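The values are calculated or read from the model by the stated rules, or taken from the named source; none is laboratory data. From a predicted model like this one, the values you see are computed outputs, not experimental measurements. All Cβ positions, glycine included, derive from the backbone under ideal geometry; neighbour counts span all protein chains shown.
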Amino acid sequence: MKENKLFEEISNLDTEQINSDFSKLDLLSTEELLGVMNAEDALVSLAVKKEIPYISLAVKEIVKSFRSGGHLFYVGAGTSGRLGVLDAAECPPTFGVSPDLVQGFIAGGKEAAFRAIEGAEDVFEDGEHLIDKIGVTEKDVVCGLAASGRTPFVLGSIKAAKMRGATTILITTNRREKMLNMMNIKAVDILICPYVGAEVIAGSTRMKSATAQKMVLNMLTTAAMVKMGKTYGNIMVDLMPTNNKLRERSKRILMLLADVELDEAEKILLQTNWQVKEALVMLLADVDLGIAKKELDISNGFVKLAVKNILSQR
């Protein structure tokens, strides 16, 4: 792309606009400055709310992918890429899933997650090569993260993923109509565009844009995991008790949901090798471990459904 064309494209992005209301930002007191930032942050959730229909479509595709043996891959650069890496890293300890199920990739590789690598996002072909390297298939979902919506590395990844038959998502904080006019949208199946407006500091997409993206990522994986049976009501019951805190939390969950004493909760958890869902079915339905496992498989991991099926057979 010629320099003048690139300059024009970037200059027209919502994420690059300057809000004249904040032109005296550097003259404000610290408390006034923080008040301005907080007021702008309050607008983010409203922007995300407007995108719920599209976020819902994305969640349904992610669940479909998980149930068919697929994965969710986040691909981004800079702040956006780091948010994807963070969300992916938090899924195993929170929801008890394999680290392979949700994975995050950032332009410039792992080092870029901790230190900015300038220019890593500018190579379209690097995004294509990443998709080939990780072996994306038609069962997978590839979610691109780009506040601007134009990051070459991200768009390269999306194009390559689409060619492999994967479902593709792009999260950007520019307006939908602007994105549809600016980019070749054919490679994107689901476009999520929480429009947060100009940043308090012009172009600093680590602020409102990043907050919006983080909120969307929270919604994508949390809703998908709920739909995969990872919770009992609003209590996480498929956690991985890999440390003392989580083991104690596992005991407390059984005590609360199955109305048992501490000793009984620990006894059952030891029998299940600290698998909370299996222990919960055993206690609520009064069955042994074998039946609990079988019914959880039949019910796609939903504890309430497994218990209901067992009790209905009596």
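With crowded, with 23+ Cβ neighbours inside 10 Å, outside any helix (DSSP H, G or I) and either out of contact with any Cys (no Cβ under 7 Å at 6 or more places or on another chain) or charged (D, E, K, R) (or both) as the only criterion, which of VAL216, VAL196 stands out? Steps first, please.
Values: VAL216 fails: outside any helix (DSSP H, G or I).
Just one listed residue meets the conditions, VAL196.
Filtering ILE169, ILE190, ILE201 for residues that are within 19 Å of ILE134 (Cβ to Cβ) and touching a helix residue (DSSP H, G or I) at 6+ places or on another chain (Cβ under 9 Å) leaves a single hit, ILE169. With respect to (1) crowded, with 19+ Cβ neighbours inside 10 Å; (2) not assigned by TED's automatic domain parsing to the domain that holds ALA146, the lone exception for THR242 is condition (1). Considering ILE268, ILE253, the condition of being over 26 Å from GLU90 (Cα atoms), surrounded by 19 or more Cβ atoms within 10 Å (Cβ to Cβ) and of a type in the set (Val, Ile, Thr) is satisfied by ILE268 alone. Within segment 87-100, the set of residues being closer than 21 Å to ALA166 by Cβ and either out of contact with any strand residue (DSSP E or B) (no Cβ under 7 Å at 6 or more places or on another chain) or loosely packed, with under 15 Cβ neighbours inside 10 Å (or both) comprises VAL97, SER98, PRO99, ASP100. Which members of segment 163-182 meet the condition of being surrounded by 19 or more Cβ atoms within 10 Å (Cβ to Cβ), more than 18 Å from the chain's Cα centre (by Cα) and part of a loop (DSSP other than H, G, I, E, B)? Residue satisfying the conditions is ASN174 alone.
Select, from ARG82, ARG67, the only residue that is in contact (Cβ under 8 Å) with a residue 60 or more places away in the chain, of a type in the set (Lys, Arg) and under 28 Å from THR242 (Cα atoms). Explain how you work it out, then say what you get.
Values: ARG82 fails: in contact (Cβ under 8 Å) with a residue 60 or more places away in the chain.
Sole residue among the options that is in contact (Cβ under 8 Å) with a residue 60 or more places away in the chain, of a type in the set (Lys, Arg) and under 28 Å from THR242 (Cα atoms): ARG67.
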